[in-house]
Structure formats: structure tokens, C-alpha cells
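Every number here is computed from the coordinates shown, using simple stated rules; none is lab data. All figures in this text were calculated on a predicted structure; none of them were measured in a lab. In this analysis, Cβ positions are derived from the backbone assuming ideal geometry, glycine residues included, and neighbour counts consider all displayed protein chains.
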Amino acid sequence: MDCYAISRIDLPEMRSHGWQVSLSRRGRKYSRFFSDRKYGGRGATLGIARKFRDELVASLPDRERGGTTGKFTRRNISGVVGVSRIIIRTAMARYEFWQVTWSPDPGVRRRVKFSTRRYGEVRAFELACAARREAERG
């Protein structure tokens, strides 16, 4: 949870440099910008942003996540964060699979697909969920 909900903002043309804390809980957004100039430089400002973030998270209700609560939404029919059912239709064929996506590093996205034709619907979903759990462990 070191950089969770914290992003670096550098806009030289606006002379704006600092850290943005931004998160949402149950439909409400919380956001605050911490300027390097006001808070004593990049490192000191990051520490202040983390402290603010930690206090904010502690004061808010727990996060509702599809992966932990099995919550189904219009955008998540699997009930597992990062696991999606994909159908690709081309003129010649139809491909169906369960896809796992995750981000091991900022700006990097990884993806693994499990064919329902090869593994069957249930086994492909199980493999996708297992891959997602493994990706979360690192």
C-alpha cells in the first residue's frame, strides 16, 4: 500500500509539481494535491501525501471490491477483479475465453487468456482466477 491512491503530477508549463492523493469510496471521490514547493521538496511531500492518504483510508468505510466480495456489476460479470469473459467474432471464426489482466508495475499491463474451447467454460474460469491470485502475490 506504499503508493496506493498516490500519483506524481509534473506540469512544468504550469509550474506545478507534487503528489496527488485520489480515491473513491461508495461513489464519492476524495482528492487532494500536495505541492513540492509548499511542503519542502519531492521526498518530504511524498511523505506528507502518504500520511494524508493513510489517515483518509482509515476514516472511510472499507472498500467494496468484486474480487473479495464477489460483487457483480454491469462491468464485472465474473465477480473477480481483473477476470473477464471475452468473445471475439471474425468473419471466419469465433473465439471465446476468460482473460486475466493485471499491472505488475506502473504503466505496465499484463494479460493471459484461457480458451473455453480448450479447457471448457468452468476450467477456463478457474484457471483465470488462479492466474489472477498468482499475479496479485507478485
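For this structure, a couple of remarks:
- Only Lys, Arg, Asp and Glu carry charge here, each on its Cβ (+1 for the first two, -1 for the last two); on that basis region 6-59 has a dipole of about 240 debye about its Cα centre.
- Spin-label model, E126 to I48: label points 7 Å out along the Cα-to-beta-carbon direction sit 5.3 nm apart.
- By the count of neighbouring beta-carbon atoms within 10 Å, fewest first, L23, L46 end up ordered L23, L46.
- Selection among A44, S24, G79 by position relative to the dipole of the chain gives G79 as farthest towards the positive end (Cβ unit charges, Cα centre).
- The chain, dipole about Cα centre (Lys/Arg Cβ +1, Asp/Glu Cβ -1), debye to the nearest 20: 380 debye
- Angle in degrees between helix 42-59 and the longest Cα principal axis of the chain, rounded to the nearest 10: 60 degrees
- Sites I88 and E134, calculated FRET efficiency, Cβ-Cβ separation with R0 22 Å, nearest 0.05: 0.35
- Arranged from fewest to most other beta-carbon atoms within 10 Å of their beta carbon, K29, K113 become K29, K113.
- Dividing the summed helix terms, -39500 (n - 2.57) for each DSSP H run of n ≥ 4, by the number of residues in the chain produces a 222 nm estimate of -10000 deg cm²/dmol to the nearest 500.
- Selected from V81, V57, V122 as most flexible by GNM, with the chain as the system and alpha-carbon contacts under 10 Å: V122
- Each of Y119, L11, A93 was placed along the dipole of the chain (beta-carbon charges, centred on the mean Cα), and the one lying farthest toward the positive end is A93.
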